[in-house]
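Accompanying notes for the structure given below.
Every number in this text was worked out from the coordinates using simple rules, so none of it is lab data. Source: prediction; values computed, not measured. Cβ: placed from backbone, ideal geometry, glycine included. Neighbour counts: every protein chain shown.
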Amino acid sequence: MGIAAQSMDMEISGATATVSKEMANSPRRIARISVTVRVKGSFDNRQRRALEAAAHACPVNVALAIKTPITIEWLG
């Protein structure tokens, strides 16, 4: 999201992310990771869609072999 914001001259400093995990048994493993991103600022729908697309295209998210929902809370 930072690279996308920078390329569109948007400021998202102060954005935070909270990550939580759900464990499974047999074998013990991480079954699900959830990410909530909180972004302060005023963004139009086009900007929000671009930032959301960037979050979902994150190389780490794409590389994970488990379901990783990303929720974005707009705090502006």
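For this structure, a couple of remarks:
- Dipole of the chain, positive end: most advanced residue of Thr68, Met10, Met23 [Cβ charges, Cα centre]: Met23
- Relative contact order (percent, whole number), the chain, Cα cutoff 8 Å, 6+ residue spacing: 35
- Relative contact order, percent, the stretch 2-45 [alpha-carbon distance under 8 Å, six or more residues apart]: 36
- Of all DSSP beta bridges in the chain, antiparallel share, percent nearest 5: 65
- Tilt relative to the chain, helix 45-56 - C-alpha long axis, 0 to 90 degrees, to 10: 30
- Kirkwood Rh and Cα Rg combined as Rg/Rh, the chain: 1.05
- Loop-resident sites, the chain, for trypsin sites (Lys or Arg not before Pro), counting at most 11 other Cβ within 10 Å (DSSP): Arg28, Lys67
- Charges were assigned to the Cβ only: +1 to each Lys and Arg, -1 to each Asp and Glu. The resulting dipole of the stretch 1-56 about its Cα centre is roughly 360 debye.
- Label zone at Asn61 (point 7 Å along Cα-to-Cβ), backbone N below 15 Å, the stretch 1-29: 1-5, 16-20
- Of Ile12, Ile33, Ile66, the one that fluctuates the most in a GNM where the chain has Cα springs shorter than 10 Å: Ile66
- Every helix of 4 or more DSSP H residues in the chain counts as -39500 (n - 2.57), and over all residues that averages to -8000 deg cm²/dmol at 222 nm.
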